[in-house]
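What follows is a set of notes on a single structure, which appears directly below.
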Ligand code: CA
């Protein structure tokens with residue numbers, strides 16, 4: 001038998017969850033995503049050199065997950081899993097799409113139905129702000145995937161300050177115009193702050209109707225372009241890359257604060273469930289952004305914990321306990337069923353959905369673990385991993401399989417593959433069974449094109 005996770009939910013300072021006097025009908029859902037943020041790079045994760053007071057306050061007002069995961073160790077597939085509630089390899093979304101508005105393969109397959117489409121049917125106003133990265137052809141764009149109001153850019157990244165707008169394909173992606181509802185607009189503010197202002201405006205305008213806002217910041221993804229004023233506040237950080245990254249994280253925190261303030265001032269705190277997490281772990285090394293994932297091993301682009309074990313928060317004042325810590329593993333796949341439950345909408349039955357509604361687990365109504373197993377696959381199987389209770393199985397092609405006990409080895413330092421052969425075989429069997437349900441990558445992605453992107 002595998003070791004059972006200790007302690008599911010600890011309520012600090014509160015003996016029980018607080019239930020509202022009357023259940024809120026169709027609460028708002030605010031889904032805040034950061035991009036390539038390091039596991040260690042938030043105050044509530046123990047960070048000392050980058051103050052993040054607004055995100056810390058959000059975490060303190062809700063539940064902080066010690067084992068929160070996304071479904072992929074890099075951008076686009078992680079977002080595809082998040083918005084469909086399905087392991088994205090079930091529909092072949094395993095690469096970052098190549099940015100080309102004329103390419104009708106490179107994007108989240110149109111056979112999938114996204115969360116905003118269901119929420120819109122349930123009476124929600126649906127909005128997207130920020131980074132899309134799920135395909136550039138018209139049929140892949142957010143307006144075609146259930147979002148009623150849109151503001152942002154379609155590619156995988158963007159400059160933050162003083163970019164030269166380019167509309168030709170060769171310049172593209174990081175320099176394309178920012179668009180509101182598909183129409184180019186001029187942005188003069190730092191892009192992260194502009195996204196915060198836009199989010200605050202959305203929250204205020206829709207105070208009288210249920211809404212879903214997917215606020216997908218590209219910060220602190222490269223390029224690192226903080227404002228000079230903010231950069232000057234971090235002069236104590238010696239490493240120049242880390243200094244810019246810190247300033248960019250600080251701007252992200254400000255932008256989140258702008259939206260949370262609008263939520264509070266418009267009286268919507270207690271009828272809004274807020275999610276916050278990063279789309280993947282921080283990228284390390286020469287092409288990284290200066291992030292730190294410690295104590296996790298490795299980072300973006302690997303199936304070690306640093307790739308997809310991320311800072312993860314849920315907050316819903318008055319319904320979920322403030323200051324709660326949750327230890328059982330949860331997944332970004334859980335956003336989809338949790339959101340549909342809030343909307344009073346049934347789960348679709350035409351396809352397999354892989355997440356669970358977290359609310360019964362977080363209010364204490366269900367004390368079991370939400371997931372018996374979680375899986376990851378990258379690049380058509382070149383890296384594959386499974387977590388079952390505290391054990392983590394990893395197989396990187398052309399290398400021996402690895403096994404770690406995250407219960408006492410979160411940093412994946414002590415490979416147990418040669419010792420715990422029963423567990424190794426058990427997890428290998430589970431991951432092979434899961435893998436047999438998946439299809440090969442449906443589009444070649446960046447790696448399959450000869451022309452390099454305009455930016456890394
Ligand atoms: Ca990312």
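Among all residues of segment 309-316, there is at least one that is more than 27 Å from residue 197 (Cβ to Cβ) and not assigned by TED's automatic domain parsing to the domain that holds residue 379.
Selection of segment 75-93 for residues being outside any helix (DSSP H, G or I) and buried (at least 24 other Cβ atoms within 10 Å of the Cβ) yields 85, 87, 93.
Per-residue answers, yes or no, for (1) modelled with pLDDT of 95 or more; (2) more than 15 Å from residue 130 (Cα to Cα); (3) within 16 Å of the ligand (Cβ to nearest atom); (4) not assigned by TED's automatic domain parsing to the domain that holds residue 39:
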position	(1), (2), (3), (4)
200	yes, no, no, no
204	yes, yes, no, no
214	yes, no, yes, no
226	yes, yes, no, no
247	yes, yes, no, no
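Here is a yes/no grid of residues against (1) within 16 Å of the ligand (Cβ to nearest atom); (2) over 29 Å from residue 255 (Cα atoms); (3) at pLDDT 95 or above; (4) out of contact with any strand residue (DSSP E or B) (no Cβ under 7 Å at 6 or more places or on another chain):
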site	(1), (2), (3), (4)
6	no, yes, no, yes
15	no, yes, no, yes
52	no, no, yes, yes
62	no, no, yes, no
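Table: residues versus (1) within 20 Å of residue 46 (Cα to Cα); (2) more than 14 Å from the ligand (Cβ to nearest atom); (3) modelled with pLDDT of 95 or more; (4) in a helix (DSSP H, G or I).
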| site | (1), (2), (3), (4) |
| --- | --- |
| 229 | no, yes, yes, yes |
| 252 | yes, no, yes, yes |
| 257 | yes, yes, yes, yes |
| 277 | yes, no, yes, no |
| 299 | yes, no, yes, no |
| 306 | yes, no, yes, yes |
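Do you know which residues across segment 345-364 are crowded, with 22+ Cβ neighbours inside 10 Å and under 20 Å from residue 121 (Cβ atoms)? Result: 355, single match. For segment 305-344, a residue qualifies if it is within 21 Å of residue 404 (Cβ to Cβ) and surrounded by fewer than 22 Cβ atoms within 10 Å (Cβ to Cβ), and the qualifying residues are 327, 328. Residue 57 passes every criterion in (1) in contact with a helix residue (DSSP H, G or I) (Cβ under 8 Å, 6 or more places away or on another chain); (2) surrounded by fewer than 24 Cβ atoms within 10 Å (Cβ to Cβ); (3) in a loop (DSSP other than H, G, I, E, B) apart from (3).
Scanning segment 31-45 for residues that are more than 10 Å from the chain's Cα centre (by Cα), touching a residue at least 24 places away in the same chain (Cβ under 8 Å) and not in a loop (DSSP other than H, G, I, E, B), we see that the one that is farthest from the ligand (Cβ to nearest atom) is 44.
Residue-by-condition table, conditions (1) more than 23 Å from the chain's Cα centre (by Cα); (2) within 30 Å of residue 223 (Cβ to Cβ); (3) assigned by TED's automatic domain parsing to the domain that holds residue 224:
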site: 386; (1), (2), (3): no, no, no
site: 395; (1), (2), (3): yes, no, no
site: 402; (1), (2), (3): yes, no, no
site: 406; (1), (2), (3): no, no, no
site: 414; (1), (2), (3): yes, no, no
site: 420; (1), (2), (3): yes, no, no
site: 429; (1), (2), (3): yes, no, no
site: 448; (1), (2), (3): yes, yes, no
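The values are calculated or read from the model by the stated rules, or taken from the named source; none is laboratory data. Computed from a predicted structure; not experimentally measured. Positions of Cβ are generated from backbone atoms using ideal geometry, with glycine treated the same way; all protein chains shown enter the neighbour counts.
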